[in-house]
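Novice: There's a structure below that I have some questions on.
The values are calculated or read from the model by the stated rules, or taken from the named source; none is laboratory data. It should be emphasised that the depicted structure is a prediction, and the values quoted were computed from it without experimental measurement. Methodologically, a virtual Cβ is constructed for each residue, glycine included, from the backbone with ideal geometry; neighbour enumeration extends over all protein chains shown. Please note that ligands, DNA and RNA were not included when accessible areas were found on the heavy atoms of the full protein model with its side chains. Shrake-Rupley method; radii C 1.70, N 1.55, O 1.52, S 1.80 Å.
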Amino acid sequence: MEEKWKQREFDLASVADLCSGSSSSSPGKARFTSDGLQILQDSHQILVNVDLLTAQVFKLGPVQSVCMVEEESSDVVKKTSYSKGVTLQFRNEEDSAAFHCVVQQWKKEGKVQGGNLLNGTIVTSKSKFDEKIESSSAKMYFHYYGQLLHQQNMLQDYVRTGTYYAAVVENRADFMGRVVVDVGAGSGILSLFAAQAGAKHVYAVEASEMAEYAQKLIAGNPTLAQRITVIKGKVEDVELPEKADVLISEPMGTLLVNERMLESYVIARDRFLTPNGKMFPAVGRIHMAPFSDEYLFIEIANKALFWQQQNYYGVDLTSLHGTAFQGYFSQPVVDAFDPRLLVAPPTFHVIDFTKIKEEDLYEIDIPLKFTASVGARVHGLACWFDVLFNGSTVPRWLTTAPGSPTTHWYQLRCVLSQPIYVMAGQEITGRLHLIAHNAQSYTIYLTLSAKMWGPGAEQGGILQTSSCKLDLKEPYYRMSQPQAYALPQDQQQPQPLIQTQDIHIQSQDLNESEIMQQPLPNSSVQINSLMQNI
């Protein structure tokens, strides 16, 4: 595939002008030049010249695309309209994928225009961020984080803020005399931490209006402000005068990946970080385990009871009950729960921020395999995450695990509308499939299955399967503190709350013995082993 990405000319099975009013089409070519893209008909006649910085190229299917060309009127006041369209039919899916990769590469390498701002520089262009994120979603996102009350909510998460502070000041050797880039700086608190640790200079990059508040906050700390430059803009767009020795950021969202800021963190790594630079954090892990919570299941199911009314002001609502029922179960639940609700030891999926490609975050596919510890009705999959600050002196973990001090991320649970029944020792398999969408989040596809167990299990197939589709963008913010639950008969023996260091970890990515417990500040050997095996 990589060789085809380097091609600058693609044979087309057919090409047609949408504006011609004719359904006729003919073979052609798509030829990339230094000025853009030329679409040629079979006669080698140029059908249209495309300016890739202003045009829109959409993928209609596996082998079909459409190119919409921006044209301007000749009036004094020019109005933009996409009035020229060309459909492109490729010979196969591989050519289609390679063509779109070249389009993205061409746009990335295209010229951009920029201007200076107070205490920083911004470059304005049609950036990679703008191409993959819906403008209305981006507008709401930056508006949200541009408000001080939301920054205060994060700053008052003392687990979050305190862990970042400890990770920085306890690893002064990584910051002393170094150039640091704070990716998505927000209030600028992490930039100030880096300056406290002796950074030579910190570039605080923030795209929202919070950049103005960050400038005020930093100016209010004059002994540190002289070594911090606030840059208002997206990391995909801004230009910096020098490379960074350290990247620091808080790019984690619900389920680690929500809001898709990890992609910006990776882009900043590729654009600004020196080859041997450090990232704070360096690694993230998504932990998963099946759970049983009858109270939560009934609570969600009962929400749809409204639609079972047969005489609501003379109207029968029951025809919409099924749709409403599924709608409530399409919302992931964000809250804190008692870890005793887990019915099997968790597994985890590793995302190494220092190595992963941005494109690998567009789709995340995680196979699931558990062994039930107790007999229970499984209501879904519980998820949480942790991240590693792999400092040279003191490695530190920030965890959102159940049973640990609650953070503003809480935990997340995907609830099945059809629970499955398991017995102790029974194997539970499945798949957690995350697909990114342009509203800065992911669609979640979850499948859990209970396999035959006991004598003759090797001849048995899957007994029960339950699936659900959820939108990570639209969760149910339950956010209650863990409640005391009555335990089933086979769980009557008191069980201690699960602490992060006690969680039994299983993973195909790492050796189990190397990461059976949360690394403590003095376990640098474990951290090094972890990093080598990722």
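Novice: Within the stretch 79-89, identify whether any single residue is touching a Ser or Thr at 6+ places or on another chain (Cβ under 6 Å), modelled with pLDDT under 80 and open to solvent by 70 Å² or more (accessible area, probe 1.4 Å), and answer yes or no.
Specialist: If we filter the stretch 79-89 for residues that are touching a Ser or Thr at 6+ places or on another chain (Cβ under 6 Å), which is where we start, we get 79, 88-89.
Narrowing the set further to residues that are modelled with pLDDT under 80 leaves 79.
Keeping just the survivors that are open to solvent by 70 Å² or more (accessible area, probe 1.4 Å) gives 79.
The answer is yes; a qualifying residue exists.
Novice: Just to check your reading of the model, which residue among Gly177, Gly184 is surrounded by fewer than 17 Cβ atoms within 10 Å (Cβ to Cβ) and at pLDDT 95 or above? Before you say what the answer is, go through the steps one by one.
Specialist: Details: Gly184 fails: surrounded by fewer than 17 Cβ atoms within 10 Å (Cβ to Cβ).
Of Gly177, Gly184, the one residue that is surrounded by fewer than 17 Cβ atoms within 10 Å (Cβ to Cβ) and at pLDDT 95 or above is Gly177.
Novice: Scan the stretch 344-362 and tell me whether some residue there is more than 30 Å from Pro275 (Cβ to Cβ), in a helix (DSSP H, G or I), of a type outside the set (A, V, I, L, M) and touching a residue at least 40 places away in the same chain (Cβ under 8 Å).
Specialist: Residues of the stretch 344-362 that are more than 30 Å from Pro275 (Cβ to Cβ), as a first pass: 344-347.
Okay, now just the ones that are also in a helix (DSSP H, G or I), so none.
The answer is no; no qualifying residue exists.
Novice: Determine whether Thr429 is farther than 27 Å from Thr443 by Cβ, more than 17 Å from the chain's Cα centre (by Cα) and modelled with pLDDT of 95 or more. Give the derivation first.
Specialist: Values: farther than 27 Å from Thr443 by Cβ: no; more than 17 Å from the chain's Cα centre (by Cα): yes; modelled with pLDDT of 95 or more: yes.
The answer is no for Thr429.
Novice: If we scan the stretch 258-272, do we find a residue that is surrounded by fewer than 18 Cβ atoms within 10 Å (Cβ to Cβ), at negative phi, assigned to a helix (DSSP H, G or I) and among the hydroxyl-bearing types (Ser, Thr, Tyr)?
Specialist: Narrowing the stretch 258-272 to residues surrounded by fewer than 18 Cβ atoms within 10 Å (Cβ to Cβ): 270-271.
After this cut, where a residue has to be at negative phi as well, the list is 270-271.
Next, only the ones that are assigned to a helix (DSSP H, G or I) stay: 270-271.
The next check asks that each one be among the hydroxyl-bearing types (Ser, Thr, Tyr); those that pass are none.
Looking for residues that are surrounded by fewer than 18 Cβ atoms within 10 Å (Cβ to Cβ), at negative phi, assigned to a helix (DSSP H, G or I) and among the hydroxyl-bearing types (Ser, Thr, Tyr), one finds none in the stretch 258-272, hence no.
Novice: Condition test on Phe325, is it closer than 24 Å to Arg377 by Cβ and touching a Gly at 6+ places or on another chain (Cβ under 7 Å)?
Specialist: no
Novice: From Gln493, Gln481, Gln418, which residue is under 21 Å from Glu294 (Cα atoms), modelled with pLDDT of 70 or more and open to solvent by 50 Å² or more (accessible area, probe 1.4 Å)?
Specialist: On the way: Gln493 fails: modelled with pLDDT of 70 or more; Gln481 fails: modelled with pLDDT of 70 or more.
Testing whether each residue is under 21 Å from Glu294 (Cα atoms), modelled with pLDDT of 70 or more and open to solvent by 50 Å² or more (accessible area, probe 1.4 Å) leaves just Gln418.
Novice: Does the stretch 219-242 hold any residues that are charged (D, E, K, R) and within 25 Å of the chain's Cα centre (by Cα), and which are they? Steps first, please.
Specialist: Keep residues of the stretch 219-242 that are charged (D, E, K, R), which gives 227, 232, 234, 236-237, 239, 242.
Scanning the stretch 219-242 gives Lys232, Lys234, Glu236, Asp237, Glu239.
Novice: Continuing with the same structure: For residues that are among the polar types (S, T, N, Q) and open to solvent by 40 Å² or more (accessible area, probe 1.4 Å), scanning just the stretch 144-161, find the one that is nearest to Glu209 (Cα to Cα). If you could, list the steps in order and put the result at the bottom.
Specialist: Filtering the stretch 144-161 down to residues among the polar types (S, T, N, Q) leaves 147, 151-153, 156, 161.
Now narrow it down to the ones that are open to solvent by 40 Å² or more (accessible area, probe 1.4 Å): 147, 152-153, 156.
Working: Gln147: 8, Gln152: 15, Asn153: 17, Gln156: 20 Å.
Looking at residues that are among the polar types (S, T, N, Q) and open to solvent by 40 Å² or more (accessible area, probe 1.4 Å), I get Gln147.
Novice: Sticking with this one: For a quick check of your reading of the model, give me the residue pairs whose first member lies in the stretch 394-407 and is farther than 12 Å from Tyr164 by Cβ and open to solvent by less than 20 Å² (accessible area, probe 1.4 Å), whose second is assigned to a strand (DSSP E or B) and among the polar types (S, T, N, Q), with beta-carbon atoms closer than 8 Å and at least 6 apart or on different chains.
Specialist: Correct list of pairs: Thr400/Gln411; Ala401/Gln411; Pro402/Gln411.
Novice: Give me the pairs, please: first residue somewhere in the stretch 152-164 and modelled with pLDDT of 95 or more, second residue anywhere and assigned to a loop (DSSP other than H, G, I, E, B), beta-carbon distance under 6 Å, and either six or more positions apart or on two chains.
Specialist: Hits for this filter: Asp157/Thr407; Asp157/His408; Val159/Pro405; Val159/Thr407; Arg160/Thr407.
Novice: While we're here: Being out of contact with any Phe, Trp or Tyr (no Cβ under 8 Å at 6 or more places or on another chain) and not in a helix (DSSP H, G or I) is the filter here, so list the residues in the stretch 278-317 that pass it.
Specialist: Listed by number, the residues that qualify are Lys278, Ser292, Gln309, Gln310, Asn311, Tyr312, Tyr313, Gly314, Val315, Asp316.
Novice: Let me ask another. Going by what's in this entry, would Ser208 be described as in contact (Cβ under 8 Å) with a residue 12 or more places away in the chain, assigned to a loop (DSSP other than H, G, I, E, B), surrounded by 20 or more Cβ atoms within 10 Å (Cβ to Cβ) and in contact with a Gly (Cβ under 6 Å, 6 or more places away or on another chain)?
Specialist: Yes; evaluated as a whole, the condition is true for this residue.
Novice: Being open to solvent by less than 10 Å² (accessible area, probe 1.4 Å), under 23 Å from the mean Cα position of the chain (by Cα) and more than 17 Å from Pro405 (Cβ to Cβ) is the filter here, so list the residues in the stretch 329-345 that pass it.
Specialist: Selection gives Phe329, Pro332, Val333.
Novice: In addition: Can you tell me which residues in the stretch 399-423 are small (Gly, Ala, Ser) and on the phi > 0 side of the Ramachandran plot? Show your work before the answer.
Specialist: Step one: list which residues in the stretch 399-423 are small (Gly, Ala, Ser), which gives 401, 403-404, 417.
Selection gives Gly403 alone.
Novice: Please state which of the following conditions Lys216 fails to meet, knowing it meets all the rest: (1) open to solvent by less than 50 Å² (accessible area, probe 1.4 Å); (2) within 21 Å of His143 (Cα to Cα).
Specialist: (1)
Novice: In addition: For the stretch 309-318, check the following and say yes or no: at least one residue is touching a Lys or Arg at 6+ places or on another chain (Cβ under 9 Å) and of a type in the set (Asp, Glu). Lay out the reasoning, then the answer.
Specialist: Restricting attention to the stretch 309-318, the residues satisfying the condition of being touching a Lys or Arg at 6+ places or on another chain (Cβ under 9 Å) are none.
Checking the stretch 309-318: not a single residue is touching a Lys or Arg at 6+ places or on another chain (Cβ under 9 Å) and of a type in the set (Asp, Glu).
Novice: Across the stretch 95-115, what is the total count of residues that are open to solvent by 60 Å² or more (accessible area, probe 1.4 Å) and either at pLDDT 80 or above or part of a loop (DSSP other than H, G, I, E, B) (or both)?
Specialist: 2
Novice: Give the number of residues within the stretch 164-196 that are within 19 Å of Met252 (Cα to Cα) and not aliphatic (A, V, I, L, M).
Specialist: Residues flagged as within 19 Å of Met252 (Cα to Cα) and not aliphatic (A, V, I, L, M) within the stretch 164-196 amount to 9.
Novice: Could you check, for the stretch 396-416, whether at least one of its residues is of a type in the set (Gly, Ala, Ser), in a strand (DSSP E or B) and in contact with a Phe, Trp or Tyr (Cβ under 9 Å, 6 or more places away or on another chain)? Steps first, please.
Specialist: So the first thing to find is which residues in the stretch 396-416 are of a type in the set (Gly, Ala, Ser), and the list is 401, 403-404.
Subsequent filtering for residues that are in a strand (DSSP E or B) retains none.
No, because not a single residue in the stretch 396-416 is of a type in the set (Gly, Ala, Ser), in a strand (DSSP E or B) and in contact with a Phe, Trp or Tyr (Cβ under 9 Å, 6 or more places away or on another chain).
Novice: Take the conditions open to solvent by 60 Å² or more (accessible area, probe 1.4 Å) and modelled with pLDDT of 95 or more and apply them to Met140. Does it pass?
Specialist: Numbers: open to solvent by 60 Å² or more (accessible area, probe 1.4 Å): yes; modelled with pLDDT of 95 or more: no.
Criteria not met by Met140.
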